[in-house]
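In what follows, a single structure is set out as structure tokens and then discussed.
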Amino acid sequence: MEITSVRPVIAGQVPQARAVARTAAPGDRFTGSPEALAASVVASWRSLKAATATSEVLAYKDGQLVRSQTIDATYEAPGCCTVAIKAGHGKGAKLEWDGGETVTVHKGPLTFHWPLTNDKLVNPHGWTLHDTGPGMVIRMLAAPGTKVKTAGSEGGLPVLDVVSPASPAGVTREQLVIDPARRLVTERRLYAGDALLGSMSIKAFAATGS
């Protein structure tokens, strides 16, 4: 399965709500509750054996874009992943993570074994792979006490507002753009109040074992 989206970003500019490039087909429309939609996404991810994705990862402070990355990520159940940084901050590095407290980093001929909280690995808000790594949005969405509600649609795809105790530090709410046909989060946006702190948008996705 594959999904594509295209969204240019100008340095220093916070993106406004916008439609993903893929237009929803009639079979994509979801008429159930937001809780049922969230549960379907969680169940779909948990059924995966492996997945690959190309994503754009952005971080903002005080309304300004402060970090931009394009990454290729692979995921293997139950929680191993690799992240290759193709453009932006850390370009050329490849990270290997098994879900624990250490990350193996390859950069050219060099290999490092760093704690998850190494300042070269955390984002400008102090978030680690435990917060924003592949599949971590599912951990947030499935956490006890998480509340979801509908927040309209973008490009015909439903948007959920999410408040979760498992969101990264400083995040008061999240918005998830979801493709119901693929049961896939195509974009995750993290806010403190109305201030956008970061976003992760999928440009291409392929899964096996679902």
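The values are calculated or read from the model by the stated rules, or taken from the named source; none is laboratory data. The model shown is predicted, which means the values in this text are computed figures rather than measured ones. Positions of Cβ are generated from backbone atoms using ideal geometry, with glycine treated the same way; all protein chains shown enter the neighbour counts.
Structural remarks
- Residue in the stretch 186-200 that is surrounded by fewer than 18 Cβ atoms within 10 Å (Cβ to Cβ) and within 26 Å of THR52 (Cα to Cα) present: no
- The stretch 108-151, residues that are among the polar types (S, T, N, Q) and more than 20 Å from the chain's Cα centre (by Cα): THR111, ASN118
- Condition check for ILE138: at pLDDT below 95 and under 28 Å from SER44 (Cα atoms): yes
- Among the residues here, PRO78 does not qualify as over 16 Å from the mean Cα position of the chain (by Cα), at pLDDT 95 or above and on the phi < 0 side of the Ramachandran plot.
- GLU174 satisfies every condition listed in (1) crowded, with 21+ Cβ neighbours inside 10 Å; (2) modelled with pLDDT under 95 except (2).
- Residues (touching a strand residue (DSSP E or B) at 6+ places or on another chain (Cβ under 7 Å) and small (Gly, Ala, Ser)) located in the stretch 165-204: SER167, GLY170, GLY198, SER199, SER201, ALA204
- Of the strands (runs of 3 or more DSSP E) contained entirely in the stretch 101-210, those carrying at least 1 residues that are in contact (Cβ under 8 Å) with a residue 40 or more places away in the chain fall at 147-154, 157-163, 173-179, 184-192, 195-208.
- Residues that are within 17 Å of ALA73 (Cα to Cα) and either modelled with pLDDT of 95 or more or basic (Lys, Arg) (or both), drawn from the stretch 98-115: VAL103, THR104, VAL105, HIS106, LYS107
- Number of residues in the stretch 50-99 that are touching a Ser or Thr at 6+ places or on another chain (Cβ under 6 Å) and either surrounded by fewer than 18 Cβ atoms within 10 Å (Cβ to Cβ) or of a type in the set (Val, Ile, Thr) (or both) equals 10.
- Some residue of the stretch 85-93 being of a type in the set (A, V, I, L, M, F, W, C) and closer than 29 Å to ALA38 by Cβ: no
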